[in-house]
Amino acid sequence: MNAADPIIRLHKINKSFGTFRALTSVSLTIAAGEKVVILGPSGSGKSTLLRTINRLEPIDSGTITIDGRNLNDPGEDINRIRMEVGMVFQSFNLFRHKTVLENLTLAPIKLKGMARGQAEALAMVLLDKVGMGDRASHYPIQLSGGQQQRVAIARALAMEPKIMLFDEPTSALDPEMINEVLEVMVALAREGMTMAVVTHEMGFAREVADRVIFMDAGAIVEEGTPTDFFTSPKTPRGQQFLKQIL
Amino acid sequence: MPEPEITKIEVGDGAAIPSPDDRGLVSAWWIALLGAIGLLIALPLIKPDPYLRILKFVPDGILITFEVTVLSISLAIVIGLLTGLGRISRNRFINLAASLYVEVVRGIPLLVQLFYIYYALGRFVRVPDLVAAVIAMAFCYGAYMGEVFRAGIKSIDHGQTEASLSLGFNHRQTMAYVILPQAWRTILPPVGNEFIALLKDTSLVSILAVADILRRGREYASESFNYFETYTMIALIYLLITLVLSKLISIMEYRLSHYERR
C-alpha cells in the first residue's frame with residue numbers, strides 16, 4: 001500500500017459530554033504506516049479523539065472513514081471494522097478470568113473461526129515477541145503492570161489489525177516498567193504498523209512519531225514533525241505546554 | 001499498581017456463608033453442625049418414642065423439599081438472568097418490563113404470592129400442586145435473583161467491556177464470553193444465599209398440599225399430638241441441611257476464584 005493513502009480520515013468531528021464540548025470540528029488524516037503521536041494537556045480531548053476512531057466514543061457529528069469504510073454508515077458493521085483496529089488501554093483491561101494465552105486466542109477463535117491450534121501458535125509467536133512467552137499459562141492478576149500491558153498489546157495484535165490505537169499505554173505504570181512497554185511499541189513501529197498514540201512520553205514521540213499532533217481545549221492547535229514541534233513550536237499554547245513538561 | 005478490590009455483593013437473608021477468615025462464624029458453624037447432628041442422633045436413642053418415629057416419618061418430605069428447591073432455583077436463575085439483563089437493557093420497554101416485575105414481586109409477601117399464583121393458575125389450568133408451588137417460588141425468587149445478576153454484571157469494570165468491543169465482539173458476545181463468566185464469581189455467594197433462603201421458604205408450600213418436610217411434620221404432629229418433639233426434629237433437620245449447603249457453597253466459591261489468586 002502506498003504510504004500516502006489515508007487509512008484513517010476524520011472530518012469535522014464534534015463531540016460533547018452534556019454541556020462540555022470535548023471535540024470541536026476536529027479533522028485528521030493518518031496515512032497507512034504512519035505513526036502519529038497525540039499530545040496535549042489533560043482534558044484537551046486527545047483520548048476522546050482516539051476513542052472516536054473505533055467508535056468506543058460515539059460522535060455527535062462529522063464523518064470517520066477507516067480503510068475506505070464509513071463508520072457512520074448504518075450498513076457498515078462496526079464490529080468488522082473494530083477487528084482491524086487494535087486498541088491498547090491505560091488500564092490494560094486484560095480479561096481477568098482468562099489465562100494470558102486465552103486472552104490472545106479468544107477473539108481469533110470466536111470472531112475469525114480460527115482453529116484452536118492455529119490461534120495458540122499465533123499467540124505464542126506474539127507472546128514471544130513481547131517477551132511474555134514464558135507466562136502463557138498465568139492469569140493477569142499474577143503479572144506486573146508492565147507485563148499485563150505487553151500482553152494487552154499482543155492480544156490486540158492477535159487479531160492482525162491494520163491500525164493500532166494506544167490510549168496512554170504507560171500512564172498507569174510504575175516508572176521502572178515504562179520502558180519495557182515502550183520498547184515493544186518501538187519494535188511494532190519499526191515493522192511498519194499504522195499507529196495513533198496518546199502519550200506523555202516525549203522521548204517516545206521524538207523517536208518514533210512521523211507527526212506530532214498537539215491538542216488543547218478539544219481542538220488540534222498545532223501539528224508537525226517531532227523535531228519542529230519540540231524545537232520550535234509555532235503557537236503560544238504549544239510553547240507553554242512544552243515549557244511545562246520539559 | 002495495586003489490583004482493584006473484587007466487589008462483594010451482600011444480598012439476601014439466607015444463612016450466613018462463613019468466609020474462612022471469619023473465625024467467629026466458622027466456629028459457630030462447627031458448634032451448630034455438631035450440635036444438630038448430636039441431637040438428631042441422641043434424642044431418638046434416648047427417647048425412641050416419639051423421636052425415632054418422627055425421624056422415620058418425616059424424611060420422606062426431605063426429597064420433596066429438595067425437589068421444590070432445586071426446580072425453583074433453576075427456573076429462578078433463568079428468570080433472574082433475563083430480568084437482570086432486562087434491568088440493564090438500553091431498550092426502554094424491556095427495561096421497564098423487568099423493573100416493573102421486580103417492583104411488584106418485591107412488594108408482595110411470598111405467602112400471598114404463593115396463594116395467588118396457586119389459585120390463579122387453578123382457574124385456568126389444572127396443574128399438580130408441586131408444579132404450581134415451583135412456578136410460584138421461581139416467579140418470586142426470579143425477581144430477587146434478577147437484582148443479584150444486575151449487581152453482579154454492574155460490578156465488572158467497564159474496561160472489560162471496552163476491551164472486548166475493541167476486539168470486534170458485539171454486545172451479546174461480550175456479555176457471554178467476558179462479563180458473565182466474571183460476574184458469576186461475584187454472583188455466586190448471593191446466589192448461594194438465595195438458594196438457602198429459598199430452601200427455607202419452601203416450608204411455605206406445605207400449605208399448598210405439597211408433602212415437604214414441614215407438611216410431613218404437621219401430619220405427624222396432628223395425629224400424635226407430639227407438637228414440641230416434632231417441631232424440634234424438623235428444626236434440626238432444616239438446620240443440618242442449611243449448614244451443609246452453606247459449606248458446599250463456600251467451597252464452590254473458593255474453587256471458582258482460582259483466577260483471583262496470585
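Read the figures in this text as sums done on the coordinates, not as results from a lab. The model shown is predicted, which means the values in this text are computed figures rather than measured ones. Cβ sites come from the backbone with ideal geometry, for glycine too, and all protein chains shown count toward neighbours.
The table below lists the values:
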item: Percent antiparallel among DSSP beta bridges (both partners in the protein assembly as shown, rounded to 5); result: 55
item: Derived scalar couplings ³J(HN,Hα) [the range A:104-121; Karplus, 6.51 cos²θ - 1.76 cosθ + 1.60; whole Hz; x for Gly, Pro]; result: 7, 8, 3, 5, x, 5, 6, 9, 9, x, 5, 5, 4, x, 5, 4, 5, 5
item: Cα-based helix-to-principal-axis angle, A:236-245 vs chain A, degrees rounded to 10; result: 50
item: Under 20 Å from A:K243, Cα to Cα: aspartates and glutamates that are on another chain or at least 8 residues apart; result: A:E201, A:E207, A:D216, A:E222, A:E223, A:D228
item: Rounded tilt (10° steps) of B:180-201 against the dominant C-alpha axis of chain B; result: 20
item: Residue exposure sequence - B:R92, A:R80, B:R218 - by fewest surrounding Cβ within 10 Å; result: B:R92, A:R80, B:R218
item: Residues with amide H under 5 Å from that of A:V221, placed H, sequence gap 5 or more; result: A:F214, A:M215, A:D216
item: Ranked B:T186, B:T242, criterion: other C-beta atoms within 10 Å, fewest first; result: B:T242, B:T186
item: Residues whose placed amide H lies under 5 Å from that of A:I38, excluding near-sequence neighbours; result: A:V197, A:V198, A:T199, A:I213
item: Peptides ranked, highest mean first, by Cβ atoms within 10 Å: ranges B:153-159, B:198-204; result: B:198-204, B:153-159
item: Spread of Cα-to-Cα distances over 10 Å intervals beginning at zero, given as percent, for chain B; result: 7, 25, 29, 23, 12, 4, 1, 0
item: Between 0 and 90°, nearest 10: helix B:48-57 axis offset from chain B longest Cα axis; result: 40
item: Equivalent ellipsoid dimensions for chain A as semi-axes, Å, which come from the Cα gyration tensor, largest first; result: 30, 22, 16
item: Loop-located trypsin sites (Lys or Arg not before Pro) in the range A:165-246, at most 16 other Cβ atoms within 10 Å (DSSP); result: A:K234
item: Distribution of pairwise C-alpha distances over the protein assembly as shown, 10 Å bins, in %; result: 4, 16, 21, 19, 14, 11, 8, 5, 2, 0, 0
item: Reciprocal mean inverse distance between Cα atoms of the range B:150-262 - Kirkwood radius, Å; result: 17.3
item: From phi via Karplus (6.51, -1.76, 1.60), per-residue ³J(HN,Hα) for the range A:52-69 in Hz, x at Gly/Pro; result: 6, 5, 10, 6, 5, 10, x, 9, 7, 7, x, 10, 10, 10, 10, 6, x, 10
item: Reduced Cα scattering model of the range B:66-121, Debye log10 I(q)/I(0), q = 0.20, 0.31 Å⁻¹; result: -0.87, -1.11
item: Residue-wise HN-Hα coupling along the range B:86-101, computed from phi with Karplus coefficients 6.51, -1.76, 1.60 (Hz; x: Gly, Pro); result: x, 5, 9, 5, 8, 6, 5, 5, 4, 4, 5, 4, 5, 5, 4, 4
